[in-house]
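The values are calculated or read from the model by the stated rules, or taken from the named source; none is laboratory data. A quick note: this is a predicted structure, and the numbers were derived from the prediction, not measured. As a convention, Cβ positions derive from the backbone with ideal geometry for all residues, glycine included, and neighbour counts pool all protein chains shown.
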Protein chains: 2
Amino acid sequence: MFNPELETNKILEFIRKYFKDNNLGGVVLGISGGKDSGVVAGLMSLAIGKENVIGITLPCHSRENDKKDAISVANKFGFKLLNIDLTEVNDTFESEAKKALEINDDSLLKNSSINLKPRLRMASCYYIAAAMSAIKNKTYIVAGTSNKCELYVGYFTKGGDSVHDISVLADLTVEEVIKIGEYIGVPDEVIHKAPDDGLSGLTDEQKLGVKYSNIAKVINGELTSGEEYDKIEKLHKNSSHKFTIPTYKK
Amino acid sequence: MFNPELETNKILEFIRKYFKDNNLGGVVLGISGGKDSGVVAGLMSLAIGKENVIGITLPCHSRENDKKDAISVANKFGFKLLNIDLTEVNDTFESEAKKALEINDDSLLKNSSINLKPRLRMASCYYIAAAMSAIKNKTYIVAGTSNKCELYVGYFTKGGDSVHDISVLADLTVEEVIKIGEYIGVPDEVIHKAPDDGLSGLTDEQKLGVKYSNIAKVINGELTSGEEYDKIEKLHKNSSHKFTIPTYKK
């Protein structure tokens, strides 16, 4: 049985030890308004102190609603919340890239466009982390928010949310993340929101075509055949290139 | 003894096999005007055909000279060269980030600023690769250009040049990269240029404080003590966090 209290304490210990061993100053993370970033921000605030946590909202043609949820997480745990609006950066980027490609058909740029945003968000977190390191004269790192189910099916952007310096949810299923979030008091509307990327208008499960609960069952060996199993294993197999770079060896 | 002809043929075979096994359409890479990207672009053109290689110059407050060298590489191997000027994207990004930080002291943003550029370059390569995949209806991937010496001392930007889909120089020292470049005919002025980041005005070796030839000696076990050895091993040890993300396990 998954024990949220026990697991939370072990995670806090893991974070504290890493910060102490490496003499770190603080942590930066993007706050999407979803449950994963809410739980990580909460855990970090409890582990190293809210004054050493910087959350960033990174809207990019985004819904105002997501910001409201980010603010409620920041208020709950008391960490500082910055805002960097990426809309103009994103649009300038796309306009320069389109000039280079000499194309005007936006349907050909759908994937380019969707994955640009998490990459700009990653760059933003590292920009702020390096600035905070200089200001505080102690290293700030960037926290990742991917959970075990997302990682299993490769549901992340390479060079985007996959780039970070510490990962605390990577071994926890979505259900386990929710239990920890409830235990540490992440606001209800955040912890029980259907996860989506805030970009495509679809929930994650609609985009993936599989349910997170079934991904957890496949990971735990409780689902071993059938259409949903096949879909999940296909996603898993097809995302292996995101984890290992093929490298020529002499 | 390192045999450039033999090694080149093995690399070409490695690239061809990976493209065939994964039914890939082509490759995208940033062309800095330096030797590493010149050699990778040449190898890719020879392996999969110049018509399937897209080079991109990604100037960002950059010297015109670097572009001249990029053009001479593209002319030599015949691949298409796009240009995306990142100056305005970069400046818009920095201006938004500064607003969030509420600081005006640029000296505190030196590291933020230096590492932003490779991250924007990475995002550009992936943007173009995804667009080409849609246009050609066959997957384009992004090639990395790091060599073994750079990797050994962690001389790359996490989330920048470290993010790519295929790596052909990662097991070759700088000297070996030069030999391969000479063998495949990378233009002289490119292959024998002192490597630098095109950003700080210093060469790589000045920035690192160690010589690439000595890094190769440490890797090969020919240099095992002394001040230079200590410096190199310290850089190596201090960059280990760039390779493995500390991850909480249940």
Step by step: first the residues of segment B:170-181, then only those that are within 8 Å of chain A (Cβ to nearest Cβ) and among the aliphatic types (A, V, I, L, M), then the one that is surrounded by the most Cβ atoms within 10 Å (Cβ to Cβ). Which residue is that? B:Leu172
Name every residue in segment B:185-196 that is assigned to a loop (DSSP other than H, G, I, E, B) and on the phi < 0 side of the Ramachandran plot, in order of residue number. B:Val186, B:Pro187, B:His192, B:Lys193, B:Ala194, B:Pro195
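Can you go through B:Lys80, B:Lys67 and tell me which one is of a type in the set (Lys, Arg) and over 19 Å from B:Glu189 (Cα atoms)? Explain how you work it out, then say what you get.
Details: B:Lys67 fails: over 19 Å from B:Glu189 (Cα atoms).
The conditions single out B:Lys80.
Kindly provide the set of residues from segment A:125-145 that are in a strand (DSSP E or B) and either within 17 Å of the chain's Cα centre (by Cα) or among the β-branched types (Val, Ile, Thr) (or both), ordered by number. If you could, list the steps in order and put the result at the bottom.
As a first pass, look at segment A:125-145 and keep what is in a strand (DSSP E or B): A:140-144.
If the condition is that a residue be in a strand (DSSP E or B) and either within 17 Å of the chain's Cα centre (by Cα) or among the β-branched types (Val, Ile, Thr) (or both), then A:Ile141, A:Val142, A:Ala143, A:Gly144 are the ones that fit.
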Tell me, yes or no, whether segment B:106-124 has at least one residue that is at pLDDT 95 or above, surrounded by 20 or more Cβ atoms within 10 Å (Cβ to Cβ), more than 7 Å from chain A (Cβ to nearest Cβ) and in contact with a helix residue (DSSP H, G or I) (Cβ under 9 Å, 6 or more places away or on another chain). yes
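Do we find that B:Glu182 is over 18 Å from the mean Cα position of the chain (by Cα), modelled with pLDDT of 95 or more and part of a loop (DSSP other than H, G, I, E, B) in this structure?
Numbers: over 18 Å from the mean Cα position of the chain (by Cα): yes; modelled with pLDDT of 95 or more: yes; part of a loop (DSSP other than H, G, I, E, B): no.
Criteria not met by B:Glu182.
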Cβ pairs under 8 Å, 6+ apart, first in segment A:154-182 and free of Cβ contacts under 8 Å to residues at least 24 places away in the same chain and at positive phi, second of a type in the set (Ser, Thr, Tyr) and crowded, with 24+ Cβ neighbours inside 10 Å: none
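Looking only at residues that are of a type in the set (Gly, Ala, Ser) and assigned to a loop (DSSP other than H, G, I, E, B) in segment A:10-33, which one is nearest to the other protein chains (Cβ to nearest Cβ)?
So the first thing to find is which residues in segment A:10-33 are of a type in the set (Gly, Ala, Ser), and the list is A:25-26, A:30, A:32-33.
The next check asks that each one be assigned to a loop (DSSP other than H, G, I, E, B); those that pass are A:25, A:32-33.
Values: A:Gly25: 14, A:Ser32: 16, A:Gly33: 17 Å.
By that ranking, first place goes to A:Gly25.
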Of residues in segment A:34-59 being surrounded by fewer than 24 Cβ atoms within 10 Å (Cβ to Cβ) and in a loop (DSSP other than H, G, I, E, B), the one farthest from the chain's Cα centre (by Cα): A:Gly49
Could we say that B:Ser62 is over 14 Å from the mean Cα position of the chain (by Cα), within 19 Å of B:Phe156 (Cα to Cα) and outside any strand (DSSP E or B) here? yes
Just for segment B:125-165: of the residues that are within 16 Å of A:His164 (Cα to Cα) and at the interface with chain A (Cβ under 8 Å from one of its Cβ atoms), which one is surrounded by the fewest Cβ atoms within 10 Å (Cβ to Cβ)? B:Lys158
Positions within segment B:60-72 being surrounded by 19 or more Cβ atoms within 10 Å (Cβ to Cβ) and closer than 21 Å to B:Tyr126 by Cα, in sequence order: B:Cys60, B:Ala70
As an exercise: evaluate A:Gln206 against (1) of a type outside the set (D, E, K, R); (2) modelled with pLDDT under 95; (3) touching a helix residue (DSSP H, G or I) at 6+ places or on another chain (Cβ under 6 Å); (4) not in a loop (DSSP other than H, G, I, E, B) and give the number of the one condition it does not meet. (3)
Evaluate the following for B:Val186: is it touching a helix residue (DSSP H, G or I) at 6+ places or on another chain (Cβ under 6 Å), away from chain A (no Cβ under 14 Å) and crowded, with 18+ Cβ neighbours inside 10 Å? yes
What number of residues in segment A:172-211 are in contact with a Ser or Thr (Cβ under 8 Å, 6 or more places away or on another chain) and under 19 Å from A:Val73 (Cβ atoms)? 11
Checked segment A:71-105 for anything facing chain B (nearest Cβ under 8 Å), of a type in the set (Val, Ile, Thr) and touching a residue at least 12 places away in the same chain (Cβ under 8 Å); matches are A:Ile84, A:Val89
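How many residues are outside any helix (DSSP H, G or I), farther than 17 Å from A:Ala131 by Cβ and not basic (Lys, Arg) if we restrict to segment B:65-122?
If we filter segment B:65-122 for residues that are outside any helix (DSSP H, G or I), which is where we start, we get B:78-86, B:102-105.
Going one step further and asking which of them are farther than 17 Å from A:Ala131 by Cβ, we end up with B:78-86.
Okay, now just the ones that are also not basic (Lys, Arg), so B:78-79, B:81-86.
Qualifying residue count for the region: 8.
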Exactly one of these conditions fails for B:Thr173: (1) farther than 30 Å from B:His61 by Cα; (2) in contact with a Cys (Cβ under 7 Å, 6 or more places away or on another chain). Give me its number. (1)
I'm trying to understand the selection: among the residues of segment B:221-239, which are in contact (Cβ under 8 Å) with a residue 40 or more places away in the chain and surrounded by fewer than 12 Cβ atoms within 10 Å (Cβ to Cβ)? B:Asn238
